[in-house]
Amino acid sequence: MPRSIQDILDNADELAKRFEDYEPDEGDERPVHAYFLEHAAVACTRSERQILDAVVAARVVRGGFVVGRRSGRG
């Protein structure tokens, strides 16, 4: 859950203690290849979304389409 800066500052001592006392468990670590695969999948998904957004924007600017259907033609 995202926190506000004020919330973090209000709880700074508690958060610092949690970081300092943290001892990683075996389940906390991931193999490097799994991390890179997840990172690549997220990057791919974001790229696909950017392409979709660009296509929709180009269609709107061109004036020939309104999200998924032609307007004013036929």
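Could you check the range 13-25 and list, in sequence order, the residues that are in a helix (DSSP H, G or I) and exposed (fewer than 10 other Cβ atoms within 10 Å of the Cβ)? Listed by number, the residues that qualify are ASP13, GLU14, PHE19, GLU20, ASP21.
Condition test on PHE36, is it surrounded by fewer than 10 Cβ atoms within 10 Å (Cβ to Cβ) and either aromatic (Phe, Trp, Tyr) or touching an Asp or Glu at 6+ places or on another chain (Cβ under 6 Å) (or both)?
No.
Summed over the range 27-53, the residues that are within 13 Å of the chain's Cα centre (by Cα) and small (Gly, Ala, Ser) give a count of 4.
Every read-out reported here was derived from the displayed coordinates using simple, explicitly stated rules and does not represent laboratory data. Computed from a prediction, not measured in an experiment: that's the story for all the values here. Positions of Cβ are generated from backbone atoms using ideal geometry, with glycine treated the same way; all protein chains shown enter the neighbour counts.
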